[in-house]
Amino acid sequence: MQVPFSRPYLQGHEGAAVADVIATGWVSQGPRVREFEAAFAERVGAAEAVATTNCTTALQLALYVSGIGPGDEVIVPSMSFIATANSVWQNGATPVFADIDPLTYNLDPEATERAITDRTKAIMPVHQLGLPADMDAFLALGERYGLAIVEDAACAIGAAYRGRPIGSLGPLACFSLHPRKVITTGEGGMIAVQDPEVAERLRRLRQHAMDVSDLARHSANDVVIESYPERGWNQRMTDMQAALGLCQLELLDEILEDRRRLAARYTAAIESIPHLEPPFEPHYAQRTWQSYAVRLSPDAPIGRNELMRRLLRDGVPTRRGVMAIHEERAYAGIQASLPHTEAATEGSLMLPLFAGLTDEQQDHVIGCLATQLAGVAA
Ligand SMILES: Cc1ncc(COP(=O)(O)O)c(C=O)c1O
């Protein structure tokens, strides 16, 4: 049996929704983007939401409106996708890596506090793989040291921290709509924003800081001459993507529920497979199961990469656990050592997980894992 690793959850009606947009002739950023932003904001409990081309550009813009620029330091976890650090670099600032909590694999507030210097301007907690970071601690650090907080919520739509949805907690939280995420627009990003003035500035910055939107110009009765009070970028989402996003939002609860059910099945099975440990569940969080990452104990009969190789031969594709950015050449020399990050990245792997994964497919994954770790198959 061949099991897919990940698949977007699409129901077949999305094509018609996108075709409707094409029929209107408005195929760049327009009314559907505004509709999608409003629906997204409501869903995550934010005052506003601002759509962008992807989560990396969302993070870059969110840092920019937080005043981050050359000479500044932003504390980030190394255990994250490299986009987290790249968004800091894209603003001319320096990412400073702090270690993770060895249980949650999220940025550790105490390690973060130790990394603060007089150049630190922001902290970027990541809700890694959909597990909320300890936001009360980070918001308190932000208050105490006068630092901006920008959340990397790439994987966390639908997650909640102490009962409050991710997107409603900090001033700026950035989500990804890449197909590996829970809902997708092909490529896409969204910034949940609490301050409407900041949202308006973000909307300008994503279109070269022009002070008139296409939507406003088209509905005006008179000639509109735009101006550019500052510099910006082109980070616009298209209305075709927004139409797909609106279809996806309608399916979000169904997707979250199926992923939750599948994750619970994995956890129940993994408890009886030697050398494997399920993901840690902190009491404060209701996670989004964007990925299911298991930990392989150091005394397992085979190493992580060999296990992945054998599973692939069995028709079970996996991915290594979340990367450690400071171990990549792109960021070489920035950090001496982050022991919890290094152990976590080396000893974990992600299993196939997506809404629509069948019980039969999942049982195949579980069976292969059990066989390989019992040392039966060679
Ligand atoms: C934690 C994290 N941050 C940022 C990103 C970047 O998202 P995008 O591909 O939408 O730019 C990702 C994507 O995988 C991610 O996992």
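Which of the following residues is more than 15 Å from the ligand (Cβ to nearest atom), within 25 Å of residue 176 (Cβ to Cβ) and in contact with a Leu (Cβ under 9 Å, 6 or more places away or on another chain): 148, 133?
Just a single option satisfies the conditions, and that option is 148.
Only one residue in 312, 307, 296 is surrounded by fewer than 14 Cβ atoms within 10 Å (Cβ to Cβ) and of a type in the set (A, V, I, L, M). Which one?
Only one candidate qualifies: 312.
Just a yes or no: is a residue in segment 299-309 assigned to a loop (DSSP other than H, G, I, E, B), at positive phi and small (Gly, Ala, Ser)?
no
In this structure, is residue 261 among the basic types (Lys, Arg), closer than 30 Å to residue 364 by Cβ, part of a helix (DSSP H, G or I) and at pLDDT 95 or above?
The answer is yes for residue 261.
Cβ-Cβ below 7 Å, separation at least six or inter-chain, first residue in segment 6-27 and within 30 Å of residue 350 (Cβ to Cβ), second among the basic types (Lys, Arg): which pairs?
Note: pairs meeting the criteria are 6/180.
Determine which single condition residue 182 fails, assuming it passes every other condition in (1) within 15 Å of the ligand (Cβ to nearest atom); (2) surrounded by fewer than 24 Cβ atoms within 10 Å (Cβ to Cβ).
The number of the failed condition is (2).
Filter segment 151-179 down to the residues that are out of contact with any helix residue (DSSP H, G or I) (no Cβ under 9 Å at 6 or more places or on another chain), away from the ligand (no atom under 15 Å from the Cβ) and in a loop (DSSP other than H, G, I, E, B) and list them by number.
Once the filter is applied, which keeps residues that are out of contact with any helix residue (DSSP H, G or I) (no Cβ under 9 Å at 6 or more places or on another chain), away from the ligand (no atom under 15 Å from the Cβ) and in a loop (DSSP other than H, G, I, E, B), segment 151-179 yields only 163.
More than 16 Å from the ligand (Cβ to nearest atom), more than 21 Å from the chain's Cα centre (by Cα) and part of a helix (DSSP H, G or I), is that true of residue 198?
For residue 198, the condition - more than 16 Å from the ligand (Cβ to nearest atom), more than 21 Å from the chain's Cα centre (by Cα) and part of a helix (DSSP H, G or I) - is met.
Return yes when residue 274 is surrounded by fewer than 18 Cβ atoms within 10 Å (Cβ to Cβ) and outside any helix (DSSP H, G or I) and no when it is not.
So residue 274 passes the test.
Count, please, the residues in segment 55-73 that happen to be touching a Lys or Arg at 6+ places or on another chain (Cβ under 9 Å) and free of Cβ contacts under 8 Å to residues at least 60 places away in the same chain.
Total satisfying the criteria: 4.
Only residues that are within 12 Å of the ligand (Cβ to nearest atom) and more than 17 Å from residue 145 (Cβ to Cβ): list them for segment 102-129, please.
105, 106, 126, 127, 128, 129
Can you pull out every residue in segment 310-352 that is in a helix (DSSP H, G or I) and under 21 Å from residue 280 (Cα atoms)?
Selection gives 339, 340, 341, 342, 343, 344, 345, 346.
For residue 112, state whether it is in contact with a helix residue (DSSP H, G or I) (Cβ under 9 Å, 6 or more places away or on another chain) and not in a loop (DSSP other than H, G, I, E, B).
Yes, satisfied.
Quick one: residue 339 ticks every box in (1) surrounded by 14 or more Cβ atoms within 10 Å (Cβ to Cβ); (2) within 21 Å of residue 102 (Cβ to Cβ); (3) at pLDDT 95 or above except a single one, so which number is it?
Exception for residue 339: condition (1).
The values are calculated or read from the model by the stated rules, or taken from the named source; none is laboratory data. Since we're looking at a predicted model, the values are computed, not measured. Backbone-built Cβ (ideal geometry, glycine too); neighbour counts: all protein chains shown.
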